Structures are given as structure tokens and as C-alpha cells.
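Data block below; observations after.
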Amino acid sequence: MTIAGKSLGPAQWEWIATARMVSRRRTSTGAIEEVLDGLLSGADQAMVNAFTSGFRVTQAQAAIGKCLPDSAAAAAALESAQVVALGILVREQLEPAQFEAIYRPFATVLPGPTYSPPAPIDQQIAGFLKRLPSLKGDIEAEVSAVAKALSQQPKAPATAAASAVSVAAPPVGLDPAANYTAAWKQVLATANQVGRTQAFRVMQDSAEQAAPHDGLGIVGFAGVAAGAIFMRDALPIEKVLLLYEPFASAFPYESLA
């Protein structure tokens, strides 16, 4: 927690807060955290207390507050950091997949003990397209729930001047849906600027064809995720992770190969 406070900047903390906020749409998150709670009851309580109150928490809170002036976002980021710290405390007792799910908001921006660098872009996209048709049941329902949370219409700009601000500019406060929309506009603009629009559209269409067409509303989001992967070398990683987020629980970004 202390290292994160010293090494992460506003963009990283915003992503971490967003991941925490969106994770509440997943029933699997609650199940994993119930396992974590059970393990913590048998852990060193002095260490547990150190990550839930006291000096370390105050330090992290101060560092996050400097990066995220919005109180709700700061609270979500701190909560995420605390969950991860507690997960590290009992990591040896967790299943690897459980720990990876707990650590995921930090995995790419602050590589942890189980981190593996993402595969080359073409392999990631191939892996994503291969796995998309397998989505079904509870995990597909989670994808749909997160997708719907990120498709809520962002608030309209208050003034004409505000509407002219660059799509990359963050909104006031932390609005995951508005950030998602802005990140996608940035992807489209970047693909056009670097002359990749045609190949980009092919990747997007391929993902939309591969996704289940069963009425749960994830087809377009699959195209967005594939487009973000395709453009990952030209985007901040936090933008890529945000656009991939609906599928992150089903197929963790770093695992695509």
C-alpha cells in the first residue's frame, strides 16, 4: 500500500478506483471477497489492522487524495488498495485465480508477484476472439452487467465551452461511463491519425461476429475491447484496461494469448 501511494499517479489511481466501482456489478467479486474475509479471521490481526486503520492507511489516503479530489473516487481507490493489501497478506492460502482477481486493478500498472506481461497484440486479439464464443451463463451475465454500467449516458457538458474540451480530458469527479465513452472516442481518433482505421474496423467486426448474439447486449462491447487491444501501443494502458473491463473477469487482460 505504501509503495502504491508513492509510485502511482492520477491516471493510475483513477483506473484503480474505476475498477473497484465497476467490480461491484460482479457477483463473483463478492464471492472471492467472502473467501478473503474468512481467511483474514485466522490471520495476524496486527497486520490486518495495519491495512485497515492506522499510519499506513493514513499515508495511502493522503497520497490518493492528492491524485483524486473527488471523495467517492478516493474512497473507492483506497478500498481497492486495502483489499489488495489484505489479499497479499493471505496470498499463500488463496487459489491463484482468486488472488489474481483480487490484485487485478493493480496488475498492469503496478506489477505484482504473479504478473505476466501481456502477449503480443496479434496473439492477444486471437486469444480474445477464440474465447468470446465460450461466454455463457453467470460469467456472460457479469459481462453484460458491467457493459451496461459502462454504457450509461454520460452527463451532457454544462456549456458550449465544455463540449469543446478534448475527448481525452477527464470529467469532473469520476464517472466510469463518461470515461469509457471518452476513451473510445480517443481510440477512434488515434486510429485515424496513425492510418489504421481500416485494419481497426476489421478487428472490431471480427470481435462482434465472435461474441454471443443472444440478446445480452455485449456484441458492441466486444468490438470496443478488440479495438482497444489493437491500439494498445498508441494508448495509455489505463484506457485499454477500461475499454476491456467488461470482459476482464471472464478473460483477464494479461492472460490473453
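Just a few scattered comments:
- Charge tally around Ala73: other residues with Cβ under 12 Å, Lys/Arg +1 each, Asp/Glu -1 each, net -3.
- Apportionment of accessible area to carbon and sulfur, the chain, percent (1.4 Å): 56 percent
- Computed over the chain, Kirkwood Rh from alpha-carbon pairs, angstrom: 19.0 Å
- Rounded Å value of the spacing that divides the Cα centres of region 22-55 and region 203-257: 29 Å
- Farthest toward the positive end of the dipole of the chain, out of Ala101, Val187, Ser7, is the Cα of Val187, where the dipole comes from beta carbon charges about the Cα centre.
- For the chain, the tally of Lys pairs with Cα-Cα distances below 27 Å comes to 14, considering only residues 8 or more apart or on different chains.
- Helical runs (DSSP H, four residues minimum) scored at -39500 (n - 2.57) apiece and divided by the length of the chain put the mean residue ellipticity at 222 nm at -20000 deg cm²/dmol.
- Accessible surface calculations at 1.4 Å, restricted to protein heavy atoms, place the chain at 48 Å² per residue.
The values are calculated or read from the model by the stated rules, or taken from the named source; none is laboratory data. Note that the structure is predicted; figures quoted are calculated from it, not measured. Positions of Cβ are backbone-derived with ideal geometry, glycine not excepted, and every protein chain shown enters the neighbour counts. In case anyone asks, the SASA skips ligands and DNA or RNA and just uses the protein heavy atoms, side chains included. Shrake-Rupley method; radii C 1.70, N 1.55, O 1.52, S 1.80 Å.
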